[in-house]
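Below: the structure, in structure tokens.
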Ligand SMILES: Cc1cc2nc3c(=O)[nH]c(=O)nc-3n(C[C@H](O)[C@H](O)[C@H](O)COP(=O)(O)O)c2cc1C
């Protein structure tokens, strides 16, 4: 199949790239959400966008479960808080890890999982079933699913929505709640909505270009 995307004049490439950078640079992870509703179509669009990601052998080893059901969100909050209490207060997180996240001011209270209009969980598929019923391993699962999640986040941000890349590990409870098969593992839990009116975020700086790029 022929593929010939339009070749832009270099000035236009740079303008578009700069605009996209400014837009992406304004994205922040949110931990205080409004309960304002978000239409299902926005969630579907973000997941359709995630599904455009490149993947090892084009196996697209991702599956998304989304819910706006208050009872289900509450079950997720309760299960996540059990794990997070063990992480934060029960000593399961090693001291070095605790130190690394201390500046974010996070704790085991995950009230936002009740408040936020949507919870979307991305599952990573370790294998898939072939037509003859046998199982085929998927390749580069973490890389592929990570890319899809990045595109999901970018799509939400483009729609003016916010999310948090949330990993209340171990996340086996999400497989149970969403009744997913053993061939999948929970990858990232995304609360999706609008920031609350009083939302604040940690004052973080991003690395400078010369810290992350060396041109040879
Ligand atoms: C793989 C991954 C796991 C993360 N897990 C959590 C988490 O469990 N809880 C949380 O509050 N933030 C979590 N974060 C969010 C990071 O703390 C956040 O992205 C980082 O502080 C940078 O802030 P920013 O997203 O606003 O740029 C996670 C981020 C990534 C990429």
Selected residue (criterion: farthest from the ligand (Cβ to nearest atom)) from residues of the stretch 1-25 that are under 20 Å from residue 147 (Cα atoms) and either touching a residue at least 12 places away in the same chain (Cβ under 8 Å) or touching a helix residue (DSSP H, G or I) at 6+ places or on another chain (Cβ under 8 Å) (or both): 23
Top-ranked residue in the stretch 111-131 [being assigned to a loop (DSSP other than H, G, I, E, B) and at pLDDT below 95; ranked as surrounded by the most Cβ atoms within 10 Å (Cβ to Cβ)]: 130
Filter result (more than 12 Å from the chain's Cα centre (by Cα), surrounded by fewer than 17 Cβ atoms within 10 Å (Cβ to Cβ) and not in a helix (DSSP H, G or I)) within the stretch 160-182: 160, 169, 170, 179, 181, 182
Failed condition for residue 73, given (1) away from the ligand (no atom under 16 Å from the Cβ); (2) farther than 29 Å from residue 160 by Cα; (3) not in a loop (DSSP other than H, G, I, E, B): (2)
One residue from 92, 7 being assigned to a loop (DSSP other than H, G, I, E, B) and exposed (fewer than 12 other Cβ atoms within 10 Å of the Cβ): 7
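Please state which one of 80, 46, 66, 100 is outside any loop (DSSP other than H, G, I, E, B), within 19 Å of the chain's Cα centre (by Cα) and within 12 Å of the ligand (Cβ to nearest atom).
Working: 46 fails: within 12 Å of the ligand (Cβ to nearest atom); 66 fails: within 12 Å of the ligand (Cβ to nearest atom); 100 fails: within 19 Å of the chain's Cα centre (by Cα).
So the residue among 80, 46, 66, 100 that is outside any loop (DSSP other than H, G, I, E, B), within 19 Å of the chain's Cα centre (by Cα) and within 12 Å of the ligand (Cβ to nearest atom) is 80.
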Residue within the stretch 58-66 that is farther than 16 Å from residue 121 by Cβ and touching a residue at least 24 places away in the same chain (Cβ under 8 Å) present: yes
Those residues of the stretch 183-216 which are in contact (Cβ under 8 Å) with a residue 40 or more places away in the chain, surrounded by fewer than 12 Cβ atoms within 10 Å (Cβ to Cβ) and away from the ligand (no atom under 16 Å from the Cβ), in sequence order: 197, 198
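The values are calculated or read from the model by the stated rules, or taken from the named source; none is laboratory data. In this text, all values refer to a predicted model and were calculated from it rather than measured experimentally. All Cβ positions, glycine included, derive from the backbone under ideal geometry; neighbour counts span all protein chains shown.
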